[in-house]
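Okay, structure first, notes after.
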Amino acid sequence: MSPGYRGHVPETHDETTSVRAAPRATHQVTNQVAPPEGLDVLAADTALVEALRRHAGQAAVTRLGPLGRLAGTTRARAWGEQADTCTPVLRTHDAQGNRLDEVDFHPAWHQLLRTGVEHGLGAAAWTSRLPGPHVTRAAGFHVWTQVDAGHACPLSMTYAAVPALRADQALADVWVPRLTSTDYDVGLRRAADKAGALAGMGMTEKQGGSDVRANTTRAVPAPGGPLEGGQTYLLTGHKWFMSAPMSDLFLVLAQAPGGLTCFVVPRVLEDGTRNTLRIQRLKDKLGNRSNASSEVELDDTWGVRLGDEGRGVRTILRMVSATRLDCVVGSAATMRAALVRAVHHARHRQAFGSVLADKPLMRAVLADLALESEAATALGMRLAAAVDNDEQDLLRLAVGAGKYWVCKRTTPMVAEALEVLGGNGYVEENGLARLLRESPLNSIWEGSGNVNALDVVRVLQHSPAAVEAVLAEVGAARGGDRRLDRELESLAGTLRTAAEEARRDPGAVEAGARWIVERLAVALQASLLVRFSPAAVADAFVATRVRGGGGMTFGTLPTGAAAAAAVVERALPA
Ligand SMILES: Cc1cc2nc3c(=O)[nH]c(=O)nc-3n(C[C@H](O)[C@H](O)[C@H](O)COP(=O)(O)OP(=O)(O)OC[C@H]3O[C@@H](n4cnc5c(N)ncnc54)[C@H](O)[C@@H]3O)c2cc1C
């Protein structure tokens, strides 16, 4: 137990004080399925390994090997469960009544975060000289966040802060070496005294999260403040959601004289004193419980301007684009974790005289879940590879579309996987309930569904090059499947027409935004599967997803039993 942690810790049974007769056994426990033990989370994920090898080479797969093995241990699973159950505790004041504003975390949280940082899942990819650093990080993120999604939040924000900070060389000089470090250096100290650092973000306010123009936090120029790296201001106002409040710095939006502006707000000032960051409450959330999401007040809080006054949204969008990519990868990881549990359970649970996984209808359900998971993984990895290749036009449109679609699919997919476990799926200690509680989150933050879809339409409107880049990406599969070829022709027409209409009247295409984005994301996924996955996977995916070929629920595959069996076997080799 960490000395500071005073949160709820589940009671443990004390053998020395309990003297009870062993109860008489009334029955033998049979046909109950324990989670898979010692699964190599990376090696067992053929689709992920293939994508990583494709984009970064076998050496990257080998490098991530130890993390994949660790992620499947009982020890790592216990960290995830403990961090989720023994939730963070806010300490607003010390014993003498002085303001403290610190959050205590269970040691398991630190284990998770330390492991992530040490394996380069923070921002290390931005300065790595290895081939395919971003796609390698994405694969590691996919593997490791299956253990716990909550700590993925600070990893993700740390990763995403770097491209935004690079807008200002002086600020980048202070923070980028620390954010890209693989030292997990926990504790509130000034930048100069830290080997490694974590970043957070503060955009959302009570009166508006999506519409950040409604932010009321004020920023008043105060040159010569106790901070390195540029022009200092004093910020006053509040933030309604600020996750990971023990991070070392935050990218914060506030209204400066020249309009909405981005600021770097560190927790500790250059002279070693604390910056004013009053943590009012921690949110009591549906999921993501290991992560402290806080309500914060800023009161003459020091910040350094990042980018020009009035350009805050543009500046912070560089961060948002990277966190949106992580939402795709993180949701793919949640799907994968649910899929593994479902397939494992169905292979070991008997009903009506045979194992569930051998029942034709259950096999169809498992195969359908596997298709969704593989498509999400393939898209996440392709997008991360696009960061490595600096394919900005593709990223501009495909990240938004992917974020919208993959995150939206996660909740129904996890719910169906949970049902594979029957009643046990609904019980917390079996883990699927935690995944289900987690599953809607990525669709809400960093641009909720509608907002994200509208952002995609905005890119259609302003960037013809982005439209052509996504069409070229889908078109790379041309000739591989006639149904996808037809969809590509139709989609090209739809996107170009929508772009033209949006240029004439942006409002005209708003109502259809979800439809356009959904089709685009599915086509991107289908193109990847047609090019790189076995025929059984690609064929079933195109048959059920492209132009609404399938049913409305999972398990409505028109493909035969042998193909379904092949898909399930690929998803988790028996
Ligand atoms: C666990 C958690 C952690 C978070 N951590 C952070 C954090 O660290 N930092 C931070 O800044 N924020 C954080 N957020 C906040 C999150 O990013 C916002 O909740 C989100 O952006 C939505 O903003 P809102 O809650 O104000 O909803 P609103 O903006 O009010 O949106 C409500 C609904 O309206 C829809 N909508 C909005 N505008 C339109 C439109 N023009 N047309 C159609 N529909 C529209 C949205 O899609 C949404 O469904 C966190 C949220 C959660 C749940």
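General observations
- Cβ separations smaller than 8 Å between residues 6+ apart or across chains give the following pairs from the range 208-228 residues that are closer than 26 Å to residue 269 by Cβ to residues that are acidic (Asp, Glu) and away from the ligand (no atom under 16 Å from the Cβ): 226/270; 226/271; 227/270; 228/270.
- Only one of the numbered conditions (1) in contact with a Pro (Cβ under 7 Å, 6 or more places away or on another chain); (2) closer than 30 Å to residue 405 by Cβ; (3) outside any helix (DSSP H, G or I) is violated by residue 318, and that is (3).
- Just one of the listed residues (264, 268, 296) is within 28 Å of residue 108 (Cβ to Cβ), more than 22 Å from the chain's Cα centre (by Cα), more than 14 Å from the ligand (Cβ to nearest atom) and of a type outside the set (Asp, Glu), and it is 268.
- Qualifying position, being crowded, with 20+ Cβ neighbours inside 10 Å, small (Gly, Ala, Ser), over 12 Å from residue 117 (Cα atoms) and at pLDDT 95 or above, among 152, 170, 160: 160
- Scanning the range 422-462 for residues that are of a type in the set (A, V, I, L, M, F, W, C), part of a helix (DSSP H, G or I), near the ligand (Cβ under 10 Å from one of its atoms) and buried (at least 18 other Cβ atoms within 10 Å of the Cβ) yields 441, 453, 454.
- Residue in the range 303-320 that is within 14 Å of the ligand (Cβ to nearest atom), aliphatic (A, V, I, L, M), closer than 17 Å to residue 247 by Cβ and within 16 Å of the chain's Cα centre (by Cα) present: yes
- Only listed residue being part of a helix (DSSP H, G or I), touching a residue at least 40 places away in the same chain (Cβ under 8 Å) and in contact with a strand residue (DSSP E or B) (Cβ under 9 Å, 6 or more places away or on another chain), chosen from 377, 410, 334, 323: 323
- Verdict on residue 77 being in a helix (DSSP H, G or I), crowded, with 17+ Cβ neighbours inside 10 Å, touching a helix residue (DSSP H, G or I) at 6+ places or on another chain (Cβ under 8 Å) and modelled with pLDDT of 95 or more: no
- For the range 121-156, taking the residues that are among the aliphatic types (A, V, I, L, M) and assigned to a helix (DSSP H, G or I), the one that is nearest to the chain's Cα centre (by Cα) is identified as 152.
- Residue check for residue 503: modelled with pLDDT of 95 or more and either crowded, with 19+ Cβ neighbours inside 10 Å or not small (Gly, Ala, Ser) (or both): no
- Lone qualifier among 71, 43 - being buried (at least 18 other Cβ atoms within 10 Å of the Cβ) and modelled with pLDDT of 95 or more: 71
- Lone unmet requirement of (1) touching a residue at least 40 places away in the same chain (Cβ under 8 Å); (2) more than 18 Å from residue 265 (Cα to Cα); (3) not polar (S, T, N, Q) for residue 296: (2)
- In this entry, residue 289 passes the filter for residues that are assigned to a loop (DSSP other than H, G, I, E, B), within 30 Å of residue 43 (Cα to Cα) and within 16 Å of the ligand (Cβ to nearest atom).
- Hey, residue 197 of a type in the set (A, V, I, L, M), away from the ligand (no atom under 11 Å from the Cβ) and not in a loop (DSSP other than H, G, I, E, B) or not: no
- Looking only at the range 407-421, and only at residues there that are buried (at least 24 other Cβ atoms within 10 Å of the Cβ) and within 16 Å of the ligand (Cβ to nearest atom), the one that is nearest to the chain's Cα centre (by Cα): 407
- Members of the range 545-564 that are of a type in the set (A, V, I, L, M), farther than 22 Å from residue 405 by Cα and out of contact with any helix residue (DSSP H, G or I) (no Cβ under 6 Å at 6 or more places or on another chain): 562
- Residues of the range 479-511 satisfying the condition of being free of Cβ contacts under 8 Å to residues at least 40 places away in the same chain and farther than 21 Å from residue 524 by Cα: 500, 501, 504, 505, 507, 508, 511
- Residues satisfying the stated conditions in the range 183-221, i.e. among the polar types (S, T, N, Q) and buried (at least 17 other Cβ atoms within 10 Å of the Cβ): 204, 215, 217
- When the range 203-249 is limited to residues that are closer than 18 Å to residue 155 by Cβ and not in a loop (DSSP other than H, G, I, E, B), the one that is farthest from the ligand (Cβ to nearest atom) turns out to be 249.
The values are calculated or read from the model by the stated rules, or taken from the named source; none is laboratory data. Remember, it's a predicted structure, so these values are computed and weren't measured experimentally. Here the Cβ is made from the backbone with ideal geometry for all residues, glycine too, and neighbour counts use every protein chain on show.
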